[in-house]
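Colleague: Okay, here's the structure, questions in a sec.
Laboratory data are not the source of any read-out in this text; all were calculated from the coordinates shown. All values derive from a computational prediction rather than experimental measurement. Here Cβ is always computed from backbone atoms with ideal geometry, including for glycine, and neighbour counts include all displayed protein chains.
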Amino acid sequence: MPKGRKQNYKGRSKQFTSVQELESQRQQEQEWRGKKKDESSSEEEQSESDEDAVIQVHNPNRAAQKTKKISELSEVPSGTVELSRREKEEIAKQESARRYQQLHAQGKTDEARADLARLAIIRKQREESARKREEEKKEREARQHASKEASLNAIKSKGGRGRGK
């Protein structure tokens with residue numbers, strides 16, 4: 001005898017259903033299905049006559065949805081759309097930023113005035129440095145020209161003495 005709680009059922013006798021019993025079950029099932037078909041057909045006839053008495057209810061899940069065109073989707077419904085507080089704040093923020101940019105471009109904001117003043121100072125500094133560079137360049141050229149003339153004069157004065165001897 002096996003140890004443990006559950007009993008082992010292996011090796012016991014097996015029961016088989018006879019052919020006659022299977023045939024009788026099949027016939028009973030066919031008769032039962034035939035009765036169900038008769039009942040359902042009579043119910044369909046009765047439901048067709050009662051359709052007028054039933055209230056039609058619109059069920060969006062039942063009806064097949066029509067395909068919509070892109071042009072229909074892009075149209076805004078005639079009703080006004082309520083915006084949330086965050087959306088309103090975002091729109092106001094964008095509008096104020098646009099107004100500030102416009103005033104900044106016109107030079108009416110404090111920051112724009114400071115920028116323009118800084119640019120004017122930079123422009124003056126650049127003009128002064130360019131003027132100084134030009135002066136230095138002219139002085140350099142004048143010195144080079146003077147040194148060339150001095151060397152030419154020295155060569156001329158030396159050359160004249162050496163031939164005369």
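Colleague: Under a crude label model (7 Å from the Cα following the beta-carbon direction), how far is residue 147 from residue 83 in nanometres?
Modeller: 7.3 nm
Colleague: Compare the peptides 104-114, 134-144 by average per-residue count of other Cβ atoms within 10 angstrom and give them in order, highest first. Before the final figure, lay out the partial values.
Modeller: Values: 104-114: 11.5, 134-144: 10.0.
Ranked from most to least packed, the peptides come out as 104-114, 134-144.
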